[in-house]
Amino acid sequence: GKNCSCAWLFWWSVLCSASQKATIPVSNDTRDLLLATVSEDSTASQIHQSVSALSALGLPLASQEVVSALKARISKEDNVLAIILALLTASRLSQQAELGDILEEIEDLAARLDDLGGVYLQFEEGLEATALFVSAAYSLSDHVDMEPPLKEDQVIQLVNSIFSKKSWDSLSEAFSVASAAASLSNNHFHVPVIVSAQGPAAVSHSHPFLRLQVTDVLCQPLSSASVLAESASAVSSKSAVLSQALFTLRDGVFELNFMASQPASGYYQFSVAIAGDSRFVANHVELKVKVSTRVAINNMDLSVVDKDQSIGPKTTRVEYPTKAKASFMADGHQNFAMTFQLVDETTGVELTPHQTFVRLHNQKTGQEVVFVAEPDSKNLYKFELDTAERKTEFDSISGTYALYLMVGDATLENPILWNVADVVLKFLDEEAPGTIQAKTLYVPKPEIPHLFREPEKKPPTAVSNTFTALVLSPFLLLLILWFKLGANISNFTLSPSTILFHIGHAATLGLMYVYWTHLNMFQTLKYLAIIGSLTFLAGNRMLAQKAVKRYKKI
Amino acid sequence: MSNSVFSVISRFVEEYRSSTPNKLKVIDAYLLYILLTGVFQFLYCVLVGTFPFNSFLSGFISCVGSFILAVCLRIQINPQNKRDFLTVSPERAFADFLFAHTVLHLVVVNFVG
């Protein structure tokens with residue numbers, strides 16, 4: 001009922017005002033309906049819709065009533081979206097109204113923003129709420145002509161958050177971002193400035209101009225701005241190259257001829273300031289600019305030096321990009337040496353690029369060995385090859401190797417791959433492998449067979465047999481002694497218990513032997529129980545008879 | 001010095017031969033046999049090595065245990081000790097001897113491997 005019609009009237013009035021109809025006939029009932037919605041009992045959204053409809057339709061409204069209704073709603077609802085709607089509503093009211101309390105809500109809301117890593121500032125309710133807050137805050141601030149209490153850092157972080165996404169989840173999110181962009185580029189107080197290099201931030205002799213695009217958040221160029229490079233210093237040496245250089249505007253792009261200051265190749269840190277409007281925010285930027293150059297190779301000298309230095313070195317000079325006509329020979333007694341200089345093509349300043357490699361390629365076997373050429377203190381590059389020392393890298397395979405020089409760096413426009421000469425290397429033939437195998441790193445390795453625990457070393461059988469005989473020999477001695485003592489079995493009675501006892505006893509001994517060879521404890525105990533009880537009963541009887549006999553004798 | 005030691009030993013041997021009853025001499029011969037068996041086992045271990053150790057232990061313990069049981073039997077049978085063993089007749093001593101030996105050999109055979 002009331003909800004639906006308010007919303008409908010709101011959107012209808014927006015459409016109508018957009019279509020710029022001067023006056024729209026509205027019935028009294030409609031007007032009363034809208035006015036009635038302005039009260040504490042309606043939601044902030046409803047109040048916003050009815051106030052917007054009323055102002056779009058040009059109908060009068062009591063601003064003070066609206067303000068008190070809004071204040072009541074803020075204290076009742078107290079969520080971010082409600083307060084934002086209150087701000088938007090207040091911006092539609094008359095400037096004479098008491099909007100101070102509502103204006104303070106901007107500061108309270110700003111305190112509720114979450115700082116994410118010092119880079120982003122947004123509400124936990126999300127991107128849409130943050131963007132709507134920005135547009136509401138600036139629209140109200142413009143309406144009452146008071147600067148919003150947002151610091152420069154906060155504005156920068158809000159811009160980072162709002163424009164962090166490249167695609168949006170919903171149309172309303174996209175609308176909020178567009179609305180925020182419009183407010184940020186077109187309000188009376190804060191205009192964030194976006195500075196970016198056109199293309200890569202790199203200059204060279206062929207492209208001496210550093211071009212910067214200076215725009216607002218809607219990518220509209222700020223032609224009224226003046227862009228000043230406050231300082232530019234080399235990243236490596238920290239020496240200043242430029243100070244207070246003004247960029248000139250050409251075709252909407254600000255440019256500066258950096259090469260005119262003749263910087264050496266490398267990376268430079270620029271500090272750029274954008275002036276021209278007191279509203280500019282984030283108008284100091286740091287930029288890293290690369291200066292590229294072309295490299296030239298000078299004084300490439302190749303020589304074969306005898307190790308004992310009895311014969312003086314013969315140096316051959318080769319000019320880039322030609323190849324040395326004769327090939328160089330080096331065996332165990334000689335070293336092959338190469339020296340050269342790398343200079344900037346235009347200025348002649350010595351360079352030390354990141355990559356200076358010497359590659360030797362055996363065309364027959366496909367082997368490739370790469371070394372690094374190092375510069376000395378005077379920036380003169382030296383490379384020496386001692387065949388005896390380096391034979392492991394070459395697998396001692398003699399032959400003709402093509403020698404290449406590779407020069408590269410991020411700041412070089414012309415990386416170099418130059419086949420300088422052919423070098424014939426001779427290694428001791430006996431060390432060369434029979435067949436040349438490709439170095440395979442990723443083949444299965446030889447299998448490691450499992451080594452079972454080796455049985456302990458046993459003494460020879462003869463020894464153990466001897467000792468077995470030795471250990472059994474005392475039994476013989478025992479029999480002899482017993483015979484000598486006259487031990488006999490003359491008292492042996494042939495009563496059944498005696499016979500049974502002896503059989504049982506013998507069976508126990510036999511069981512012990514069988515236990516040793518075949519049985520386990522449980523089985524043995526079982527048999528022992530049977531045999532043992534028989535033996536016990538028989539033995540008991542036998543001994544009792546013996547005892548009786550002994551007593552009778554005594 | 002050695003003269004007196006020799007005379008002591010020969011006197012001891014004479015006493016032993018004359019005053020010890022035959023039954024005890026039989027047991028003494030058995031004790032000597034057990035002793036020698038144990039000594040020879042120990043000699044093997046010292047000379048050749050302790051492999052397999054469990055067998056050596058079980059054999060040696062068997063000798064030691066048998067020796068102890070035989071000594072107990074000798075003590076209990078000796079008529080001179082009759083007053084200490086009024087409840088134990090020689091037959092009972094012998095039966096105990098046999099039973100203890102059964103238990104000992106059960107353990108020894110289990111351990112010899």
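Taken together, the values in this text are just the output of simple stated rules run on the coordinates, not laboratory data. Remember, it's a predicted structure, so these values are computed and weren't measured experimentally. Cβ: placed from backbone, ideal geometry, glycine included. Neighbour counts: every protein chain shown.
Below are the figures for this structure:
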item	result
Which listed pairs, of A:LYS549/B:LYS23; A:LYS484/A:LYS552; A:LYS484/B:LYS23; A:LYS325/A:LYS378; A:LYS238/A:LYS378; A:LYS238/A:LYS288, have C-alpha distances above 20 Å, in listed order	A:LYS484/A:LYS552; A:LYS325/A:LYS378; A:LYS238/A:LYS378
For the range A:374-507: span of alpha carbons on each principal axis (Å, largest first)	122, 37, 34
Computed helical MRE - 222 nm, chain A, DSSP H runs ≥ 4 contributing -39500 (n - 2.57), nearest 500	-12500 deg cm²/dmol
The protein assembly as shown: antiparallel DSSP beta bridges as a percent of all, rounded to 5	90
Full-extension gain in nm, A:LYS238 to A:LYS484, via 0.36 nm per residue minus C-alpha separation	77.1 nm
Anisotropy class of the protein assembly as shown from Cα gyration tensor, a/c 1.5 cut	oblate
Taking the range A:337-394 and dividing mean pair separation by its residue count, relative contact order in percent (alpha carbons under 8 Å, at least six apart)	36
Euclidean distance between Cα centres, the range A:271-341 to the range A:467-545, Å	102
Loop-located chymotrypsin sites (Phe, Trp or Tyr not before Pro) in the range A:384-418, at most 10 other Cβ atoms within 10 Å (DSSP)	none
FRET efficiency, A:GLN523 to A:ILE503 (Cβ-Cβ, R0 35 Å, nearest 0.05)	0.95
Computed label-point distance, nm, for sites B:PHE99 and A:ASP331 using a 7 Å Cα→Cβ extension	9.9
Sparsely packed trypsin sites (Lys or Arg not before Pro) within the range A:307-340, loop by DSSP, other Cβ within 10 Å at most 10	A:LYS325
Extension gain (nm, one decimal) between A:LYS553 and A:ALA182, 0.36 nm per residue minus Cα-Cα	119.9 nm
Rough spin-label spacing in nm, given labels placed 7 Å along Cα→Cβ, for A:THR352 and A:GLU124	5.4
Set of lysines near A:LYS151 by C-alpha distance (under 25 Å), chain-local residues within fewer than 8 positions excluded	A:LYS165
HN-Hα J in Hz across the range A:167-183 - Karplus 6.51, -1.76, 1.60, θ = phi - 60°, x for Gly and Pro	8, 10, 6, 9, 5, 5, 5, 4, 4, 5, 5, 5, 5, 5, 4, 4, 5
Listed residue (A:ALA326, A:LEU380, B:LEU57) projecting farthest to the positive dipole end of the protein assembly as shown, Cβ model	B:LEU57
Difference of contour (0.36 nm per residue) and Cα-Cα distance, A:SER261 to A:VAL370	35.4 nm
Cα long-axis angle, helix A:63-77 against chain A (0 to 90 degrees, to the nearest 10)	0
Anisotropy class of the range B:9-111 from Cα gyration tensor, a/c 1.5 cut	oblate
Span from the the range A:136-202 Cα centroid across to the the range A:363-381 one, whole angstrom	55
Cleavage-rule hits, GluC sites (Glu not before Pro), the range A:275-352, DSSP coil, Cβ neighbours within 10 Å at most 12	A:GLU319
Spin-label pair A:LYS458/A:LEU380, simplified geometry with 7 Å Cα→Cβ offset, distance in nm	7.8
Spread of Cα-to-Cα distances over 5 Å intervals beginning at zero, given as percent, for the range A:295-435	2, 9, 19, 22, 19, 14, 8, 4, 2, 0, 0
Likely footprinting exposure, B:LEU69, B:LEU86, A:LEU85, fewest C-beta neighbours within 10 Å first	B:LEU86, B:LEU69, A:LEU85
